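*Asks:* Below are the structure tokens for one structure; questions will follow.
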Amino acid sequence: MENQGQDERKVAVITGAASGLGAALAHHANTLGYDLALADIAPLDGSQYENAMTSQVDVTQPDQMEEFAQCVYGQFDRCDYLFNNAGIMRPGRSWDQPRSHWDAVMAVNFSGTVNGVRAFAPRMTSSGRAGRIVNTASLSGLIAAPGLGAYGVSKHAVIAFSEILSMELSEAGSGIDVSVICAGAIDTDIMTSAVASLAEGNDAKAQASAMQMALGTKAVGAAPSDIAKTVFEQADQGRFWIRPLNEPVGAVAKRAAQIEAGDPPVFSGWE
Ligand SMILES: NC(=O)c1ccc[n+]([C@@H]2O[C@H](COP(=O)([O-])OP(=O)(O)OC[C@H]3O[C@@H](n4cnc5c(N)ncnc54)[C@H](O)[C@@H]3O)[C@@H](O)[C@H]2O)c1
């Protein structure tokens with residue numbers, strides 16, 4: 001799925017496309033010649049792209065995702081790339097986080113991804129065309145960090161879901177492949193709303209220090225445009241695990257060693 005010719009334009013569907021990584025994926029797909037179907041709970045401006053349809057969609061609502069998929073197939077009759085990308089972060093210690101934060105994070109990050117797959121995968125598989133589903137997880141989905149609470153749990157769930165989905169689509173001979181993005185820090189608005197959410201916590205000070213502990217060793221965020229370009233490159237290479245900045249995964253090996261030895265978990269940073 002590289003640069004598109006005029007005669008066969010392919011379609012990229014992207015959720016969370018109003019800002020950050022989603023917007024960068026949309027811009028990059030546009031430069032590659034894709035037609036775009038963009039969804040976000042926030043208003044979207046499709047005029048900046050060559051050919052884009054935009055929909056205000058709450059990914060937590062299965063009916064809205066289903067209606068969005070109907071509109072996409074009504075307009076383009078295909079989906080070559082599905083990016084389940086919408087996400088939120090509500091950091092804090094597990095017991096300090098308000099229950100509403102747990103529910104919101106799991107609903108957007110995990111259920112939103114499931115809703116996207118349930119709405120689009122049947123249409124993609126029955127089209128008989130090759131396609132790819134790209135779910136945005138995070139390095140937080142590979143490394144369990146204290147202080148990120150529901151966010152880390154939701155991203156672990158996205159990774160497990162993506163692995164299962166990949167195997168199932170392969171076993172079904174669907175022609176649809178799966179990738180999962182395990183990015184480290186990206187310079188987007190997600191932290192702004194995360195920090196704002198701390199004020200709503202049961203113990204805001206404890207949550208703030210928990211988040212600082214979790215993120216303390218994270219590097220300054222990368223430019224979303226750089227990440228988006230690499231995501232397309234790695235997805236086009238057929239990679240399941242997308243690590244846009246070649247994020248280190250030594251912590252995964254350390255975790256396996258802890259499991260093997262029966263040792264309790266110890267967070268030793270993002271590497
Ligand atoms: N920024 C990082 O450091 C980082 C690192 C790894 C992974 N990610 C992931 O990247 C993805 C994009 O996040 P971002 O960093 O670009 O943040 P962002 O806040 O800039 O963008 C997230 C977008 O999702 C939309 N959204 C939120 N709730 C929604 C809902 N219910 N329905 C539809 N849209 C909704 C927002 O309106 C926003 O446009 C997320 O899944 C995030 O977890 C981010």
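*Asks:* For the range 177-203, which positions are more than 11 Å from the ligand (Cβ to nearest atom) and either free of Cβ contacts under 8 Å to residues at least 24 places away in the same chain or open to solvent by less than 10 Å² (accessible area, probe 1.4 Å) (or both)?
*Replies:* Residues satisfying the conditions are 178, 179, 195, 196, 197, 199.
*Asks:* When residues of the range 4-19 are filtered for being at pLDDT 95 or above, farther than 12 Å from residue 136 by Cβ and either open to solvent by 40 Å² or more (accessible area, probe 1.4 Å) or within 10 Å of the ligand (Cβ to nearest atom) (or both), how many remain?
*Replies:* Going through the range 4-19 one residue at a time, the tally reaches 3.
*Asks:* Out of all the residues in the range 146-173, which are open to solvent by 20 Å² or more (accessible area, probe 1.4 Å) and either of a type in the set (Gly, Ala, Ser) or outside any helix (DSSP H, G or I) (or both)?
*Replies:* Result: 146, 157, 160, 166, 170, 172, 173.
*Asks:* Considering only residues that are of a type in the set (D, E, K, R), in a helix (DSSP H, G or I) and at pLDDT below 95, which ones fall in the range 230-271?
*Replies:* At the first step, the residues of the range 230-271 found to be of a type in the set (D, E, K, R) are 233, 236, 239, 243, 247, 254-255, 260, 263, 271.
Subset that is in a helix (DSSP H, G or I): 233, 236, 254-255, 260.
If the condition is that a residue be of a type in the set (D, E, K, R), in a helix (DSSP H, G or I) and at pLDDT below 95, then 254, 255 are the ones that fit.
*Asks:* Can you tell me which residue in the range 212-229 is surrounded by the most Cβ atoms within 10 Å (Cβ to Cβ), limited to those that are in a helix (DSSP H, G or I) and either at pLDDT below 70 or at positive phi (or both)?
*Replies:* Ranking the qualifying residues of the range 212-229, first place goes to 214.
*Asks:* Of all residues in the range 77-87, count the ones that are open to solvent by less than 30 Å² (accessible area, probe 1.4 Å) and either of a type in the set (D, E, K, R) or over 16 Å from residue 132 (Cα atoms) (or both).
*Replies:* Initial filter on the range 77-87 (open to solvent by less than 30 Å² (accessible area, probe 1.4 Å)): 78-86.
From the residues that got through so far, the ones that are either of a type in the set (D, E, K, R) or over 16 Å from residue 132 (Cα atoms) (or both) too are 78, 80, 86.
The qualifying residues number 3.
*Asks:* Checking the structure you have, find out if any residue of the range 116-133 is within 12 Å of the ligand (Cβ to nearest atom) and either crowded, with 21+ Cβ neighbours inside 10 Å or touching a residue at least 12 places away in the same chain (Cβ under 8 Å) (or both).
*Replies:* Yes, there is a match, as at least one residue in the range 116-133 is within 12 Å of the ligand (Cβ to nearest atom) and either crowded, with 21+ Cβ neighbours inside 10 Å or touching a residue at least 12 places away in the same chain (Cβ under 8 Å) (or both).
*Asks:* Are any of the residues in the range 48-59 closer than 30 Å to residue 204 by Cα and open to solvent by 20 Å² or more (accessible area, probe 1.4 Å)? Please lay out each step first, then the result.
*Replies:* Of all residues in the range 48-59, those closer than 30 Å to residue 204 by Cα come to 58-59.
Checking which are open to solvent by 20 Å² or more (accessible area, probe 1.4 Å) leaves us with 58.
Yes: the range 48-59 contains one or more residues that are closer than 30 Å to residue 204 by Cα and open to solvent by 20 Å² or more (accessible area, probe 1.4 Å).
*Asks:* Quick check: anything in the range 158-165 within 12 Å of the ligand (Cβ to nearest atom) and either under 15 Å from the mean Cα position of the chain (by Cα) or of a type in the set (Lys, Arg) (or both)?
*Replies:* Taking the range 158-165 and keeping what is within 12 Å of the ligand (Cβ to nearest atom), we get 158-159.
Now narrow it down to the ones that are either under 15 Å from the mean Cα position of the chain (by Cα) or of a type in the set (Lys, Arg) (or both): 158-159.
The answer is yes; a qualifying residue exists.
*Asks:* Quick check on residue 112: is it assigned to a helix (DSSP H, G or I) and open to solvent by less than 10 Å² (accessible area, probe 1.4 Å)?
*Replies:* Spelling it out, residue 112 is indeed assigned to a helix (DSSP H, G or I) and open to solvent by less than 10 Å² (accessible area, probe 1.4 Å).
*Asks:* Among what's in the range 20-34 and is closer than 21 Å to residue 8 by Cβ and surrounded by fewer than 23 Cβ atoms within 10 Å (Cβ to Cβ), pick the residue that is farthest from the ligand (Cβ to nearest atom). Steps first, answer last, please.
*Replies:* Initially, the range 20-34 is screened for residues closer than 21 Å to residue 8 by Cβ, giving 25-26, 28-34.
Now narrow it down to the ones that are surrounded by fewer than 23 Cβ atoms within 10 Å (Cβ to Cβ): 28, 30-33.
Numbers: 28: 13, 30: 17, 31: 18, 32: 19, 33: 23 Å.
Here the answer is 33.
The values are calculated or read from the model by the stated rules, or taken from the named source; none is laboratory data. This structure is a prediction, so every number in the text was calculated from the model and none was measured. Neighbour counts run over all protein chains shown; Cβ positions are idealised from the backbone, glycine included. For accessibility, only protein heavy atoms count, side chains too; no ligands or nucleic acids. Shrake-Rupley method; radii C 1.70, N 1.55, O 1.52, S 1.80 Å.
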